[in-house]
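Structure record follows, encoded as structure tokens.
The values are calculated or read from the model by the stated rules, or taken from the named source; none is laboratory data. Bear in mind that the values here come from a model prediction, so they are computed numbers and not experimental data. In this analysis, Cβ positions are derived from the backbone assuming ideal geometry, glycine residues included, and neighbour counts consider all displayed protein chains.
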């Protein structure tokens, strides 16, 4: 791990700050120079989706900061905090190669959570940020504390990095909606950008958790994207505006693949968690889609023990 | 009400911003000039305690911003939001006279709570900040949502004002502890100052709510300060370190005044809400005081329907 904090920029090398105080000095110098700062928060295990965000951020801002922090507060005790992929050396190499990253913030858990952090919610102490009304549907049903963890860590990171713009991937649609509401409600002077989901050639949404998939799993992993795309297609034909009819082909595709995997005796199960059609502003489920109502068509599917999520937008360009 | 936003400083006049965007422009200009900013958040109804904070802030910072905002989120439906004293004209005059205030931020509820704000907690939408572990004891018992309201509005105000230093009065001791923890946990680049409680000549802690007291109430209103001072005196003599013994004279004073008011047939009641001796860091109640343990000796008393609070510090100079 190359910690070259306080190093001058240039030569393809990127300063890496694991000290918040040292990062703040670096940031202050940019401010003195009147430079704009773009920010891409990540949990590492960078893929082409992240690097796309970094490159796009660089087009809009003078300097791009990438944070790498696997945030304990957004994992439940039974989830994959310990197993979450960590790969700093290759992340660093990718960022150097991108020629778009001015600094890496790699904060310590102890600095990010001065009051300590336990995965046991009942025991958690310290300051938490919660966006009420947008945190407990969709992804917030199986993970009731997830968006509190996200909103809290993003607030902390924003306070450290003080970016002019922050860049998120549309793949985490609810996260985009939650963070945008948080920026608005907390009056943060930050412009939020939610960029389109990066996809593999066959359409699979890029995700750090795709690494968990065996080749056999990977073969069928596009089922969710195919399902929500089929539903979007129904809307675009104008044949119906009723939820049940819109989602019918999506359910069919997932059912079909689930059966296939079972019939072929593959050593894993496919299981639908949910399909959802919600209003972009309220995240309330839609029964009858309005003519120009902006909506998110999304879902989650377990392939083996790996949970894949994906979404497409209806009547909207950016979340 | 004098809204002279965008006015140049000087001539004893102070620009008043009810638009957050206009304030941000003013703030940005100070940043360009490299000036430090002190911040005194208030709910208006300014008294000598507030003005002392403003004057002290001016000693430590190039420019002092005072906000006046009666925050709905820290009132319960049965509390005095509508009755809370509002007196902008005299507040403005006091700030001009102080010669220490560079700008007044007077934000609109609709800008501070873009998602709207209702006093009914079950219906509240939008982003809230909560400091777990410090918000539900002492003042947080009768007012379980109070410190969530405080932490939320202070976060918003900090994000607008972006001060280098923020100034609070020790009188709201738990608020000082909560805000200091919040600044630390959310990694806000702000130095917190908690200045000693301003008192009337007879010792009564200054408070906007003192205006609610009739002359007869005002006559006996020092009972809480006398009570906690007597308890502090016990500690300082070194006679005991046990809670019960320390608080005994405090309970006695309050009992005596309560009885007096009753016996004299005065048209109001005095009622002790609580006396408390807590550790400064954890706000946990202390049974046996450690030799150099920093502590807060505090209490709340109803005089008629007006609730007075006060505190003194043990083994500590500043909260």
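Numerical summary
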| item | result |
| --- | --- |
| Boolean, residue A:210 is part of a helix (DSSP H, G or I) and more than 29 Å from residue A:35 (Cα to Cα) | yes |
| Enumeration of residues in the stretch A:189-228 that are under 30 Å from residue B:159 (Cβ atoms) and over 20 Å from the mean Cα position of the chain (by Cα) | A:189 |
| Options A:93, A:73, A:57; residue that is assigned to a helix (DSSP H, G or I) and modelled with pLDDT under 95 | A:73 |
| The stretch A:123-142, residues that are loosely packed, with under 14 Cβ neighbours inside 10 Å and either more than 10 Å from chain B (Cβ to nearest Cβ) or touching a helix residue (DSSP H, G or I) at 6+ places or on another chain (Cβ under 8 Å) (or both) | A:141, A:142 |
| Residue within the stretch B:164-183 that is facing chain A (nearest Cβ under 8 Å) and touching a residue at least 12 places away in the same chain (Cβ under 8 Å) present | yes |
| Pairs where the first residue, in the stretch A:217-238, is outside the structural domain of residue A:266 (by TED's automatic domain parsing) and surrounded by fewer than 20 Cβ atoms within 10 Å (Cβ to Cβ) and the second is modelled with pLDDT under 95 and assigned to a helix (DSSP H, G or I), C-beta under 7 Å, 6+ apart | none |
| Yes/no for residue B:308 being surrounded by 14 or more Cβ atoms within 10 Å (Cβ to Cβ), over 14 Å from residue B:220 (Cβ atoms) and in contact (Cβ under 8 Å) with a residue 40 or more places away in the chain | no |
| Condition broken by residue A:189, with the remaining ones in (1) out of contact with any helix residue (DSSP H, G or I) (no Cβ under 8 Å at 6 or more places or on another chain); (2) within 14 Å of chain B (Cβ to nearest Cβ); (3) surrounded by fewer than 19 Cβ atoms within 10 Å (Cβ to Cβ) satisfied | (1) |
| Residue match in the stretch A:138-148 (condition: part of a loop (DSSP other than H, G, I, E, B) and without any contact (Cβ under 8 Å) to a residue 24 or more places away in the chain) | yes |
| Members of the stretch B:269-292 found to be crowded, with 16+ Cβ neighbours inside 10 Å and in a loop (DSSP other than H, G, I, E, B), listed by number | B:280, B:283, B:286, B:289 |
| Single residue of B:85, B:114 found to be in a loop (DSSP other than H, G, I, E, B) and without any contact (Cβ under 8 Å) to a residue 24 or more places away in the chain | B:114 |
| All positions within the stretch B:29-54 that are in contact (Cβ under 8 Å) with a residue 60 or more places away in the chain and part of a strand (DSSP E or B) | B:37, B:38, B:39, B:40, B:41 |
| Residue within the stretch A:195-209 that is touching a helix residue (DSSP H, G or I) at 6+ places or on another chain (Cβ under 9 Å), without any contact (Cβ under 8 Å) to a residue 60 or more places away in the chain and under 27 Å from residue A:23 (Cα atoms) present | no |
